[in-house]
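**Student:** What follows is a single structure, and I will ask about it in a moment.
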Amino acid sequence: MKASLPVTVEDIEAARRRISGRVLRTPLAFSASLGEICGVPVGLKLEHHQTTGSFKLRGATNAVLSLSADERARGVVAASTGNHGRALVHAAKAEGMLATICMSRLVPDNKVREIRRLGADVRIGGKSQDEAQQEVERLVAEKGLVMVPPFDNSAVVAGQGTLGLEIIEQMPEVATVLVPVSGGGLASGVAAAIKAQSPATRIVGLTMARGAAMNASLAAGKPMLVKEYPSLADSLGGGIGLDNHVTFRMCRELIDDIVLLSEEEIAAGMRHAYTQEREIVEGAGAVGIAALLAGKVMAFDGPIAVILSGRNVDMGLHLRVMNGEADPFRVEAQ
Ligand SMILES: *Cc1c(COP(=O)(O)O)cnc(C)c1O
């Protein structure tokens with residue numbers, strides 16, 4: 001059954017050899033406070049300390065290193081202004097390749113500057129993310145640039161899976177792994193790596209209650225479009241693609257449970273990370289802690305690993321959340 005999935009543990013082990021030396025092997029730190037709350041050891045996988053501030057560097061680096069010499073010469077392109085864009089630019093630059101990032105005119109100046117500072121060729125045009133994506137497709141068709149998608153790609157999923165190999169080594173008895181889910185690239189790779197070595201380990205996917213496309217798709221049995229809302233977990237926004245090839249199948253097969261978190265719960269997770277663990281994490285990176293604090297992950301039958309997936313939060317927003325604002329986006333969402 002699992003042998004027929006698009007990405008196997010062998011692919012993930014090959015990815016690990018390929019990207020070794022180019023990404024950090026991040027630490028796993030035990031949390032005394034969460035261990036006390038849960039009654040079992042809780043290990044925090046500190047992936048927000050990864051170069052570029054998120055795990056996305058693993059997948060982007062594996063994708064870039066998997067290109068042919070001809071593709072490398074043409075350069076890579078994506079429409080992401082977030083963690084994937086950041087990671088792709090870094091990975092391409094490390095190989096002496098050009099990365100083009102397309103973004104709409106609505107993207108704030110500071111984000112544009114940051115991606116440019118990393119070394120991207122930034123193309124600004126259009127009024128929406130969809131129009132930026134159309135520009136990507138034009139560059140692929142007319143200039144031969146190679147598109148590297150943020151999740152629905154087997155090289156990207158295999159790269160993200162390397163994080164799962166590290167968790168199993170750092171916590172061999174792990175009974176439950178808490179993993180944030182948006183497009184499902186991280187969950188697919190981590191679950192494939194972990195289930196291959198420890199089939200009984202439970203994989204729990206975490207996402208926000210408002211506008212979670214993978215959750216709606218799994219419930220419907222096929223990829224679904226959902227309405228998007230602003231969220232503290234902005235890195236978890238966006239669809240999974242109606243013609244999803246890789247991650248929908250893998251998540252359907254490998255994720256045992258999905259837990260949905262409110263904005264208030266995500267804010268509490270960010271605050272706990274900061275005040276108890278001394279860690280700055282973005283909303284998407286705090287959903288695992290949020291789920292434990294909210295008592296939404298049950299049946300504690302052994303050690304829990306929690307993936308802190310990223311730290312790229314606007315520090316003004318972080319400060320507001322630390323000062324007790326529970327749902328900074330409430331007004332816009334109504
Ligand atoms: C992209 C991202 C996720 C979700 O990853 P998917 O592979 O899209 O499910 C979670 N956390 C952070 C910080 C991210 O950047």
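**Student:** In segment 206-215, is there at least one residue being within 17 Å of Ile307 (Cα to Cα), aliphatic (A, V, I, L, M) and under 16 Å from the mean Cα position of the chain (by Cα)?
**Tutor:** Within segment 206-215, the subset within 17 Å of Ile307 (Cα to Cα) is 206-208.
With the extra rule that they be aliphatic (A, V, I, L, M), the set shrinks to 206, 208.
Next, only the ones that are under 16 Å from the mean Cα position of the chain (by Cα) stay: 206, 208.
Yes, some residue in segment 206-215 is within 17 Å of Ile307 (Cα to Cα), aliphatic (A, V, I, L, M) and under 16 Å from the mean Cα position of the chain (by Cα).
**Student:** Next up: Being open to solvent by less than 40 Å² (accessible area, probe 1.4 Å) and within 11 Å of the ligand (Cβ to nearest atom): is that true of Gly185 here?
**Tutor:** Working: open to solvent by less than 40 Å² (accessible area, probe 1.4 Å): yes; within 11 Å of the ligand (Cβ to nearest atom): yes.
Yes.
**Student:** Looking only at residues that are among the charged types (D, E, K, R) and either assigned to a helix (DSSP H, G or I) or modelled with pLDDT under 95 (or both) in segment 133-182, which one is farthest from Gly82 (Cα to Cα)? Talk me through it step by step, then tell me what you get.
**Tutor:** Pass one, segment 133-182, residues among the charged types (D, E, K, R): 135, 137-138, 142-143, 152, 166, 169, 173.
When the remaining residues are screened for being either assigned to a helix (DSSP H, G or I) or modelled with pLDDT under 95 (or both), the result is 135, 137-138, 142-143, 166, 169.
Details: Glu135: 17, Glu137: 19, Arg138: 21, Glu142: 25, Lys143: 24, Glu166: 25, Glu169: 30 Å.
Filtering first and then ranking leaves Glu169.
**Student:** How do the pairs read when you match residues in segment 228-241 that are not assigned by TED's automatic domain parsing to the domain that holds Ala267 with residues anywhere that are among the small types (Gly, Ala, Ser) and away from the ligand (no atom under 12 Å from the Cβ), using Cβ under 7 Å and keeping only pairs 6 or more apart or on different chains?
**Tutor:** Qualifying pairs under 7 Å: none.
**Student:** Same structure, new question: Out of Ser128, Ser66, I need the residue that is surrounded by fewer than 18 Cβ atoms within 10 Å (Cβ to Cβ), out of contact with any strand residue (DSSP E or B) (no Cβ under 7 Å at 6 or more places or on another chain) and of a type in the set (Ser, Thr, Tyr). Which one? Give the steps one after another, and end with the answer.
**Tutor:** Details: Ser66 fails: surrounded by fewer than 18 Cβ atoms within 10 Å (Cβ to Cβ).
Within the list Ser128, Ser66, the selection yields Ser128.
**Student:** Right, Asp234: within 11 Å of the ligand (Cβ to nearest atom) and open to solvent by 30 Å² or more (accessible area, probe 1.4 Å) or not?
**Tutor:** Details: within 11 Å of the ligand (Cβ to nearest atom): yes; open to solvent by 30 Å² or more (accessible area, probe 1.4 Å): yes.
For Asp234, the condition - within 11 Å of the ligand (Cβ to nearest atom) and open to solvent by 30 Å² or more (accessible area, probe 1.4 Å) - is met.
**Student:** Select from segment 298-318 the residues that are more than 16 Å from the ligand (Cβ to nearest atom), open to solvent by 20 Å² or more (accessible area, probe 1.4 Å) and within 23 Å of Val42 (Cβ to Cβ) and list them in ascending order. It would help to see each step written out before you state the result.
**Tutor:** Taking segment 298-318 as the starting set, the residues that turn out to be more than 16 Å from the ligand (Cβ to nearest atom) are 298-304, 316.
Next cut, open to solvent by 20 Å² or more (accessible area, probe 1.4 Å) only: 298-301, 303, 316.
Met298, Ala299, Phe300, Asp301, Pro303, listed by residue number.
**Student:** Here is a list of conditions, (1) under 22 Å from Ala212 (Cβ atoms); (2) at pLDDT below 95, and Gly288 meets all of them except one; can you say which number that is?
**Tutor:** Looking at each condition in turn, Gly288 falls short on (2).
**Student:** Now for a separate question. For segment 74-94: of the residues being surrounded by fewer than 24 Cβ atoms within 10 Å (Cβ to Cβ) and modelled with pLDDT under 95, which is farthest from Val23 (Cα to Cα)?
**Tutor:** Only one residue fits best here, namely Thr81.
**Student:** Got at least one residue in segment 257-268 being within 12 Å of the ligand (Cβ to nearest atom) and either of a type in the set (Ser, Thr, Tyr) or closer than 18 Å to Arg330 by Cα (or both)?
**Tutor:** Yes; the residues of segment 257-268 include at least one that is within 12 Å of the ligand (Cβ to nearest atom) and either of a type in the set (Ser, Thr, Tyr) or closer than 18 Å to Arg330 by Cα (or both).
**Student:** Considering every residue within segment 207-222, establish whether at least one is away from the ligand (no atom under 11 Å from the Cβ), open to solvent by 20 Å² or more (accessible area, probe 1.4 Å) and at positive phi.
**Tutor:** yes
The values are calculated or read from the model by the stated rules, or taken from the named source; none is laboratory data. None of the values given here were measured: they were computed from a predicted structure. So basically every Cβ, Gly included, is an ideal-geometry build from the backbone, and we count neighbours across all protein chains shown. What goes into the accessible areas is simple: the full protein's heavy atoms, side chains included, and nothing from ligands, DNA or RNA. Shrake-Rupley method; radii C 1.70, N 1.55, O 1.52, S 1.80 Å.
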